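S.K.: This is the structure I want to talk about, given as structure tokens.
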């Protein structure tokens, strides 16, 4: 006799139905911003404090920090600000930055010359399947020197904006898929990873 349980299709249908989201639950914006206006554009987001985690990819380095803005926009290639109130990505495109925001319904981008486009204007009836997940980030804090170390990345100088006692870090995120393909990802938070999280 097998110990396998039968598939409960009613439960599966309920899970899929409950995880469907559309314009009533999600804001999706995009646009372009001049390099010279990038810092002002970032500072003007009303929910900036609720997107405290920042990844800045410069021409010569990548930094993962908390509550910072780019040192020099002229050297920035990409940036990502994320947290409970949204996920804002900026990507260099010549002398401008293309940007994309995913977050809670009702979120508005800053006013200004940012070539703003609302995803829902062009796709009002789209429905996404929302899934929450987490991923373990590379590196482990060495207690003797407080630095992060990961053998698989050799000489990389890892640093995460983690609480002082954390040894391993995981990122939590939401994936919004359509027809089985991820369309948007919203990084929501960081937390300490512990051995029993791998169950």
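S.K.: Pop the C-beta distance of residue 122 and residue 167 into the FRET formula with R0 = 35 Å and round what comes out to the nearest 0.05.
M.R.: Result of the calculation: an efficiency of 0.20.
S.K.: Mind checking the full-extension length gain between residue 68 and residue 135? Use 0.36 nm per residue of separation minus the Cα-Cα distance, one decimal, nm.
M.R.: Length difference between fully extended and current span is 21.8 nm.
S.K.: Right, next: Kindly state, to the nearest 0.05, the FRET efficiency for residue 175 paired with residue 145, given R0 = 45 Å and r defined as their beta-carbon distance.
M.R.: So, using R0 = 45 Å, E works out to roughly 0.80.
S.K.: Please report 39, 90 as a ranked list, fewest other C-beta atoms within 10 angstrom at the top and most at the bottom.
M.R.: Numbers: 39 16, 90 26.
In increasing order of surrounding Cβ atoms, one gets 39, 90.
S.K.: Could you list 28, 62 in order of exposure, starting from the residue whose Cβ has the fewest other Cβ atoms within 10 Å?
M.R.: Arranged by neighbour count, lowest to highest, 28, 62 become 62, 28.
S.K.: Can you tell me the order of 97-108, 175-186, 42-53 when each peptide is scored by its average per-residue count of other Cβ atoms within 10 angstrom, highest first?
M.R.: Top of the packing list down: 97-108, 42-53, 175-186.
S.K.: Continuing with this model, one more query. Please work out whether segment 20-129 counts as rounded, prolate or oblate from its C-alpha gyration tensor, where a ≥ b ≥ c are the square roots of the eigenvalues and a/c under 1.5 means rounded, while otherwise a/b larger than b/c means prolate and anything else oblate?
M.R.: Prolate is the answer for segment 20-129, as a/c is 1.5 or above and a/b outweighs b/c.
S.K.: Sticking with this structure for a sec: Can you tell me the relative contact order of segment 12-146? Whole percent, Cα pairs under 8 Å, sequence separation 6 or more.
M.R.: Once normalised by length, the contact order is 35 percent.
S.K.: Restricting to Cα pairs below 8 Å that are 6+ residues apart, what does the relative contact order work out to for segment 76-132? Please round to a whole percent.
M.R.: Answer for segment 76-132 is 20 percent.
S.K.: Neighbouring Cβ atoms within 10 Å as the yardstick, rank 32, 168 fewest first. All intermediate terms of the calculation are to be shown ahead of the outcome.
M.R.: Working: 32 16, 168 19.
Ascending Cβ contact count within 10 Å gives the list 32, 168.
S.K.: Oh, and also: In nm, give the distance between the simple-model label positions of residue 19 and residue 6, each being 7 Å from the Cα along the Cα-to-Cβ direction.
M.R.: Going from the residue 19 label point to the residue 6 one covers 2.4 nm.
Each reported figure results from applying straightforward, stated rules to the coordinates on display, with no laboratory input. Because the structure is predicted, anything quoted here is derived from the model rather than measured. In this analysis, Cβ positions are derived from the backbone assuming ideal geometry, glycine residues included, and neighbour counts consider all displayed protein chains.
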